[in-house]
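The values are calculated or read from the model by the stated rules, or taken from the named source; none is laboratory data. Just so it is clear, the structure is predicted and the values come from calculations on it, not from any experiment. Counting neighbours? That spans all protein chains shown, and the Cβs are built from the backbone with ideal geometry, glycine included. Accessible surface areas use protein heavy atoms only, side chains included; no ligands, DNA or RNA. Shrake-Rupley method; radii C 1.70, N 1.55, O 1.52, S 1.80 Å.
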Amino acid sequence: MTLTLLAAFVVLLLGSLGLANQGLDKIPRFQHSMEIVGGKLCVFGGKSTSTGVGLSDFLLDYRCVDVTKSISQASPKWKSQSSASRFAMPPLAQQSSVYDRANHIIVPYGGQTPDTFSKANHLAVFCTKFEAWGASNIVDNDPRRYLHTAVLQVASGDMIIFGGASDATTNHQDNGRWLNVNRMVLDQPRHGIHAAGRGVGDEANIAVGTIITDNGDDTPAAINKIVQHSSVLVNDTQMVVLGGNVYDSVANKAVNLLFDSVHIYDVDRMKWSTKNCTGDIPPPRSAFSASLHDSSIYIYGGVNVTGWSQLFGDLY
């Protein structure tokens, strides 16, 4: 792990860490994060039956399913983290996360703040090498947001952040929806080298934690002010935006976006495009998670925001 992202894990490394052998019951889950770690699809945080912001409304577990083996879409075999460090997990819901394999850390970003909790000055991180939660030295100075997505560009070490909103449930840190694509510097040396290659020489010495707003294409009208979507980064350059919802001001309600097409953002050229989808197309949903493994994008869970009438526990 580089000094840039060094986390305070010493007090958390207690005994042997790993995944419990017992299987877990399938529960509907939404507003969570999902990452692929060592051939395992791992989810953490989120909620199951409540949209409240009390501490008891948040799911404080970290569970994984082996994606190197055949998976039952209806009943995947989940296994939970078996470690005292799970008690240091921060309450997370409607956050995003990125997995920086070079530094062995998962970095959650944003999310709702439970009642009586204040915004932490430093981002919490999860060390996948030791399966331990801890505090990093990354300071987030932007207003807290939720319902957004974030992906990691490996070449630059940047966290690419898109969409979302800020309101009273994010500790009253501004109100409204986010429009543009932003990026947070997580690894200064990688960012500097990549920025120079893109011809952005004035970013060579930008500090860790700095947020930069992209100045490329405007966000397409169909996903303008999008929330509760998911994004994955393909070939380290193409951010694929899936699902979610936008606000219909005429009907005065949230409208789910269909999965029959996806919007793609080139994070280096800062340009948008659209692709149509075929095959077994998932039902419309929001607040689900998505991860890329080899050439496949996995999506799990979510909710139909039309009256919040349907929760999903399936895996595509």
- When the chain is fully extended, how far beyond the present Cα-Cα distance does ASP115 get from ILE212, taking 0.36 nm per residue of separation? 31.9 nm
- Item | Summed side-chain charge close to THR219 - residues other than THR219 whose Cβ falls under 14 Å, Lys, Arg +1, Asp, Glu -1 | -1
- Query: Rounded to a whole number, what % of the accessible area of segment 123-180 do carbon and sulfur atoms account for, probe 1.4 Å?
  - Reply: 51
- Message: For segment 189-226 and segment 129-178, what is the centre-to-centre distance using only Cα atoms, to the nearest Å?
- Response: 15
- What residue among VAL232, VAL267, VAL200 has the largest mean-square fluctuation in a Gaussian network model of the chain, using Cα springs under 10 Å? VAL200
- Query: Taking Cα pairs under 8 Å and at least six residues apart, what relative contact order does the chain come out at, in percent?
  - Reply: 15
- Query: So, with a 1.4 angstrom probe, what is the percent of accessible area on segment 186-264 that is carbon and sulfur?
  - Reply: 51
- Cysteines having no other Cys beta carbon under 4.7 Å from their own, within the chain: CYS127, CYS277
- FRET efficiency for ASP294 and VAL255, Cβ-Cβ distance as r, R0 = 35 Å, nearest 0.05? 0.60
- Message: Relative to 2.2 N^0.38 Å, what does the C-alpha radius of gyration of segment 187-297 come to as a ratio? Two decimals please.
- Response: 1.24
- GNM result for the chain, Cα springs below 10 Å: residue of ALA168, ALA150, ALA93 fluctuating most strongly: ALA168
- Rounded to the nearest 500, what is the 222 nm mean residue ellipticity of the chain from helices alone, with -39500 (n - 2.57) per DSSP H run of 4+ residues and division by all residues? -1000 deg cm²/dmol
- Which of GLY110, GLY52, GLY163 moves the most in a Gaussian network model of the chain with Cα springs under 10 Å? GLY52
- Message: Taking the Kirkwood radius as the inverse of the mean 1/r across Cα pairs, report the Rg/Rh of the chain.
- Response: 0.94
- Query: Per residue, how much accessible area does segment 232-275 show when a 1.4 Å probe rolls over the protein heavy atoms, in square angstrom?
  - Reply: 48
